[in-house]
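J.: For reference, the structure I am asking about is given below.
The values are calculated or read from the model by the stated rules, or taken from the named source; none is laboratory data. Please read these numbers as outputs of a predicted model, since none were measured by experiment. Counting neighbours? That spans all protein chains shown, and the Cβs are built from the backbone with ideal geometry, glycine included.
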Amino acid sequence: MHANKTALALSLTVLALSVTTVACDGSAVGEGTLGVEIWGEDYIESGIPAGELADGWAITFDRFLINVGAISVAEEGADPAVTEPGFRVFDLTATTGPEQIVAVTAPAGTYDHTVYTVAPASSASGAGNAADADVQLVADGGFAVYVEGAATDGAETVTFAWGFSRTTVYDPCHSIAVLGDGGSASVQLTIHGDHLFYDDAVSEEPELRFADIALADADADGEVTRAELEAYDITVLPDYGVGSLDIDNLWGFIEHMTTTLGHIDGEGHCGS
Amino acid sequence: MARKTILTIPLLVAASLGAGVCEPTADEPTPVLLPVVADGAGIATCTNDLGWTVEVSAFRVAIEDLEFTVEGEVHASLLRRLADVAVPVARAHPGHSAGGEVTGELLGELVIDLLAEEAETLGEATLLPGDYNGLNLTFRRAGPEDGLGEGDALLGHSAVILGTATRDAVSVSFEAVLDIDPGTQMVGGPFDLVVDEDTTATLGLTAYTIDPSEGDTLFDGLDFGELDGDGDGIASIVPGDVAHNVLMKTLVRHDHWGIEVQ
């Protein structure tokens, strides 16, 4: 019994030393690999099923292009360990899980301050995992976010192809990457594509809806365009609350929601 | 009617300060308590964008949690000081635009009657010293716990507005019963006051039928003649109506709320 207790104590001591090696000043010692990745999760990769929308529509994306850059990752109050000033275009429908953006050797520590920007693409934007033609598309259009897809309620199907040009700086993002000596950790830029279909810009618990978007197809050609959404008045609807925002049409509403797409490490929030 | 909960904050402040739990240091400011009243100063006769002149005769709203804000960065000690006496509400989800740092508040559920014969005292706000410029409040649905009489039109709803709209020779009396999603915030109503330890003032919470900045009215977009479908001179605006949605969405805008300092 005594020998077992001694062995257990020794094992626990070794374990503690390997996991938490701390310098005399309390800072972590050693270094590891710190990465940054991006992911649109299942809603962008596989679609938003009808059960998730309040009005029974289901949505799929054929392309979800996003131009991301000006990334930094730091321990709070310290200089960044990761700095990626350039912008790259990612197609979040073409991933099967998180897509790595960068990985660097960094000091061990807790990386809880991440910053990133979604901005209109330009000729300076490089390709993340997006095809060259798609990088050209968003650069030519000056799009920060470009989405193509379709929605159906089982009886009717409409398509959409929308480009948005809002710049959003996500700062600060409260990341939770804990990097140990000899280990690896990642910060994930998580993009919530479902926010485009929220029915309220200020509610704590908005629903997902598509029915009014479908109704905006004024010429009934099966495609909902920007012009049609701009002509669709949301002030008369029970939903699509905007609080004090100066938005009165469905395009303005969806465009505003593009500034809420960015999150951190799954459900983590960022200031913007 | 102000509920009992709104009295607990000033009592907590007094108790904690008296007990020395949060003794102010030489460089830490002392919270200031200022009374808040329902103020009908902003309820003015107005002419909307369709030419209807509206005179409001009753205006009651169910709200909660008044917040008072300052612009820019606030010294950490000031925020910690407020946190010592009241727990600020975290609003982390994108969509809740920051109307400034919250350094003052009056917490609790309230039913405010902006046109009561006597100005109704809502409670005492706790404010850290600072240059205030904003008001936030949260809308809710009135319930039996608000002490409303059975059959009160406000029960289960967020606001009841009564009045008369006139255009040319036509006059329409209306009653608007509005439902606002509970938790919906009005952010950034005007409130201008520099508060220091010597400040004495009464804060009048009011709704503006005329936007003080741009002149738009609360009733823009409402054609009262069309609302009076049977021509009997009486119109109702209720949940489910297009007119309800228009009026409800205008009422939650910061254009139509503010503090009048008395």
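J.: Could you check B:ASP27 against (1) modelled with pLDDT under 85; (2) surrounded by 14 or more Cβ atoms within 10 Å (Cβ to Cβ) and say which number it fails?
T.: Just one mismatch for B:ASP27, condition (2).
J.: Just checking, does the stretch B:128-138 include any residue being of a type in the set (D, E, K, R) and assigned to a loop (DSSP other than H, G, I, E, B)?
T.: Applying the first criterion (of a type in the set (D, E, K, R)) to the stretch B:128-138 yields B:131.
Then keep just the ones that are assigned to a loop (DSSP other than H, G, I, E, B); that gives none.
Scanning the stretch B:128-138 turns up no residue that is of a type in the set (D, E, K, R) and assigned to a loop (DSSP other than H, G, I, E, B).
J.: Return yes when A:ALA70 is part of a strand (DSSP E or B), at positive phi and modelled with pLDDT of 95 or more and no when it is not.
T.: Values: part of a strand (DSSP E or B): yes; at positive phi: yes; modelled with pLDDT of 95 or more: yes.
Here the answer is yes, as A:ALA70 does meet what is asked.
J.: Tell me, please, whether a residue that is more than 12 Å from chain A (Cβ to nearest Cβ) and not β-branched (Val, Ile, Thr) can be found in the stretch B:244-252.
T.: Restricting attention to the stretch B:244-252, the residues satisfying the condition of being more than 12 Å from chain A (Cβ to nearest Cβ) are none.
The answer is no, given that none of the residues of the stretch B:244-252 is more than 12 Å from chain A (Cβ to nearest Cβ) and not β-branched (Val, Ile, Thr).
J.: Quick check on the stretch B:217-242: of everything there that is touching a residue at least 60 places away in the same chain (Cβ under 8 Å), surrounded by 19 or more Cβ atoms within 10 Å (Cβ to Cβ) and not β-branched (Val, Ile, Thr), which residue is nearest to the other protein chains (Cβ to nearest Cβ)?
T.: This residue is B:GLY221.
J.: If we keep just the residues of the stretch B:168-185 that are more than 11 Å from chain A (Cβ to nearest Cβ) and among the β-branched types (Val, Ile, Thr), which is surrounded by the most Cβ atoms within 10 Å (Cβ to Cβ)?
T.: B:VAL172
J.: What's the number of the only condition in (1) farther than 27 Å from A:ARG209 by Cβ; (2) in a strand (DSSP E or B); (3) out of contact with any His (no Cβ under 8 Å at 6 or more places or on another chain) that A:GLY149 fails to meet?
T.: The single condition A:GLY149 does not satisfy is (1).
J.: Hey, does the stretch B:184-192 have a residue that's assigned to a loop (DSSP other than H, G, I, E, B), among the acidic types (Asp, Glu) and either modelled with pLDDT of 95 or more or closer than 30 Å to B:THR30 by Cβ (or both)?
T.: At the first step, the residues of the stretch B:184-192 found to be assigned to a loop (DSSP other than H, G, I, E, B) are B:184.
Among the residues that remain, those that are also among the acidic types (Asp, Glu) are: none.
No, the stretch B:184-192 contains no residue that is assigned to a loop (DSSP other than H, G, I, E, B), among the acidic types (Asp, Glu) and either modelled with pLDDT of 95 or more or closer than 30 Å to B:THR30 by Cβ (or both).
The rows are residues; the columns are (1) farther than 22 Å from B:GLN262 by Cα; (2) at pLDDT 95 or above; (3) surrounded by 13 or more Cβ atoms within 10 Å (Cβ to Cβ).
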{"site": "B:LEU17", "(1), (2), (3)": "yes, no, yes"}
{"site": "B:GLY20", "(1), (2), (3)": "yes, no, no"}
{"site": "B:GLU23", "(1), (2), (3)": "yes, no, no"}
{"site": "B:LEU34", "(1), (2), (3)": "no, yes, yes"}
{"site": "B:THR47", "(1), (2), (3)": "yes, yes, yes"}
{"site": "B:ILE63", "(1), (2), (3)": "no, yes, yes"}
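J.: Conditions: (1) closer than 30 Å to B:PRO129 by Cβ; (2) touching a residue at least 60 places away in the same chain (Cβ under 8 Å). B:ILE210 meets all but one. Number of the miss?
T.: (1)
J.: Check off (1) charged (D, E, K, R); (2) touching a Ser or Thr at 6+ places or on another chain (Cβ under 9 Å); (3) surrounded by fewer than 22 Cβ atoms within 10 Å (Cβ to Cβ); (4) without any contact (Cβ under 8 Å) to a residue 40 or more places away in the chain for B:LYS249 and give me the number that stays unchecked.
T.: Failing condition for B:LYS249: (3).
J.: So is A:ASP246 free of Cβ contacts under 8 Å to residues at least 60 places away in the same chain and more than 16 Å from A:THR159 (Cα to Cα) or not? If you could, list the steps in order and put the result at the bottom.
T.: Working: free of Cβ contacts under 8 Å to residues at least 60 places away in the same chain: yes; more than 16 Å from A:THR159 (Cα to Cα): yes.
Taking the combined requirement at face value, the residue satisfies it.
J.: Of the residues A:GLU255, A:GLU230, A:GLU223, only one is at pLDDT 95 or above, surrounded by fewer than 17 Cβ atoms within 10 Å (Cβ to Cβ) and touching a Ser or Thr at 6+ places or on another chain (Cβ under 9 Å); which?
T.: On the way: A:GLU255 fails: surrounded by fewer than 17 Cβ atoms within 10 Å (Cβ to Cβ); A:GLU230 fails: touching a Ser or Thr at 6+ places or on another chain (Cβ under 9 Å).
Unique residue meeting the criteria: A:GLU223.
J.: Please find, within the stretch A:212-268, the residue that is farthest from the other protein chains (Cβ to nearest Cβ) out of those that are in contact with a helix residue (DSSP H, G or I) (Cβ under 8 Å, 6 or more places away or on another chain) and of a type in the set (Ser, Thr, Tyr).
T.: That would be A:TYR232.
J.: On to the next question. Do any strands (runs of 3 or more DSSP E) lying entirely in the stretch A:74-117 carry at least 1 residues that are in contact (Cβ under 8 Å) with a residue 24 or more places away in the chain and over 29 Å from A:TYR43 (Cβ atoms), and which ones are they? Write out each step before concluding.
T.: Values: elements: A:82-91, A:99-107, A:109-111.
Strands (runs of 3 or more DSSP E) meeting the threshold: A:99-107, A:109-111.
J.: Name the residue that is surrounded by the fewest Cβ atoms within 10 Å (Cβ to Cβ), counting only residues in the stretch A:155-207 that are within 13 Å of another protein chain (Cβ to nearest Cβ), within 15 Å of the chain's Cα centre (by Cα) and β-branched (Val, Ile, Thr).
T.: The extreme case among them is A:VAL169.
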